[in-house]
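Below is one structure, written out as structure tokens, with a few remarks after it.
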Amino acid sequence: MAELHLHIEGTLQPELIFALAERNGIELPYADLDELRSRYEFTDLQSFLDLYYANMAVLRTEQDFADMTRDYLARASAGGVRHVEVMMDPQAHVSRGVPLETCVNGVASALATSEEEFGVSTLLIAAFLRDLPEDDALEVLEQLLAMNAPIAGIGLDSAEVGNPPSKFVRLYQRAAEAGLHRIAHAGEEGPASYITDSLDLLGVERIDHGIRCMEDAALVERLANEQVPLTVCPLSNVRLRAVDTLADHPLPAMLSAGLNVSVNSDDPAYFGGYVDDNFVQLRAVLGLTAAEQSRLAANSIRSSFASDARKAELL
Ligand code: ADE
Ligand code: ZN
């Protein structure tokens with residue numbers, strides 16, 4: 001199984017937040033772990049993003065980024081993940097004074113030893129914050145290219161509604177010119193038209209989330225015909241109230257429609273589980289069968305940007 005939709009900053013566990021705060025001499029606005037955990041009740045995407053960005057304050061040194069990344073890789077490996085495409089949010093660190101090299105090199109150093117240490121092959125994707133101006137993203141992309149950052153592609157995340165794909169046409173053109181893979185969050189909270197525009201205006205190869213495609217029958221037909229990969233995150237969708245309960249999740253309908261879906265954890269430290277936990281709950285609540293789980297796992301490997309040789313090993 002491959003994990004294709006994972007924000008490394010969303011793997012920062014409460015215990016590590018406290019440990020890094022102590023190591024870096026940072027005063028947290030929470031008295032203890034219980035008080036921090038009591039904030040993990042979200043009403044929508046923005047209510048989560050506020051806490052997610054605030055907690056990043058503890059990430060200061062290369063070692064901090066490497067420790068967070070290693071913790072995730074160890075846990076993902078134990079849960080059966082054999083390939084991961086890790087997103088990181090460079091702008092969220094640069095904007096608070098952490099040098100680009102520090103965050104990129106910290107994450108990349110842990111990824112570099114992952115296959116040997118954990119049996120998990122990795123790729124790194126720089127995700128850009130869609131609530132910031134496109135010029136800000138372009139500047140950071142140029143810096144990443146200039147420093148030869150080991151990135152395989154770019155993504156687009158953060159507050160979706162009101163920040164449509166059309167805002168980032170130049171960014172995606174530049175990434176294509178640079179030979180990078182392109183993905184984008186679309187149709188999580190935003191409308192189905194953001195999925196269409198991500199494909200047509202940004203040239204993306206995969207859609208992160210994409211669940212709101214189900215509101216547009218013509219789009220579902222297109223996504224099925226073109227086998228566009230959709231990296232679905234069931235527990236995330238429940239916790240961010242994109243769906244009411246797991247029992248209401250469109251995953252079964254998406255499978256029935258012939259869509260190329262995979263199951264992913266998004267921000268496992270915040271949403272109550274890693275990718276294996278997502279599968280446990282899908283089996284328990286939605287009656288996901290072993291055959292369906294195998295199909296989802298095969299989709300994740302085929303839809304990855306791993307080499308053909310690695311895909312063949314994993315399939
Ligand atoms: N950043 C981290 N997780 C995200 C999500 N689920 N949607 C948009 N931006 C994010
Ligand atoms: Zn996401």
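Which FRET efficiency value, to the nearest 0.05, is calculated for Glu142 and Arg241 with the Förster distance at 45 angstrom and r the Cβ-Cβ distance? Mind dumping the intermediate values first?
On the way: r = 37 Å, r/R0 = 0.82.
Efficiency computed from Cβ-Cβ geometry: 0.75.
Prolate is the label for the range 171-250, because a/c, from the alpha-carbon gyration tensor with a ≥ b ≥ c as root eigenvalues, is 1.5 or above and a/b exceeds b/c. Considering helices alone, the calculated mean residue ellipticity of the chain at 222 nm is -14500 deg cm²/dmol, with DSSP H runs of length four and up weighted by -39500 (n - 2.57) and normalised per residue.
What is the local net charge at His209, summed over the other residues whose Cβ is closer than 9 Å to its Cβ (Lys, Arg +1; Asp, Glu -1)?
Details: positive: Arg212; negative: Glu160, Glu188, Glu189, Asp208, Asp266.
So the surrounding residues net to -4.
Hey, what did the range 12-75 get for relative contact order, percent, Cα under 8 Å, at least 6 apart?
Values: 24 pairs, mean separation 25.2, N = 64.
Result for the range 12-75 is 39 percent.
Over the chain, what is the relative contact order in percent, taking alpha-carbon pairs closer than 8 angstrom and at least six residues apart?
Working: 529 pairs, mean separation 62.1, N = 315.
Reported as a whole number, the value is 20 percent.
Cα centroids of the range 104-131 and the range 3-64: 19 Å apart.
Stretch Ala312-Arg283 to full length: gain in nm at 0.36 nm per residue minus the Cα-Cα span? Please report the intermediate quantities before stating the final value.
Values: separation 29, 0.36 × 29 = 10.44 nm, distance 2.69 nm.
Once the chain is fully extended between Ala312 and Arg283, it gains 7.8 nm.
On full extension, the segment bounded by Asp34 and Ala257 gains 76.0 nm, given 0.36 nm per residue less the C-alpha separation. Based on the Stokes-Einstein relation at 4 °C and a viscosity of 1.567 mPa s, and on the Kirkwood radius from alpha carbon pairs, the chain is assigned a translational diffusion coefficient of 66 µm²/s.
Where a number appears in this text, it was derived from the coordinates with a stated rule and is not lab data. Computed from a predicted structure; not experimentally measured. So basically every Cβ, Gly included, is an ideal-geometry build from the backbone, and we count neighbours across all protein chains shown.
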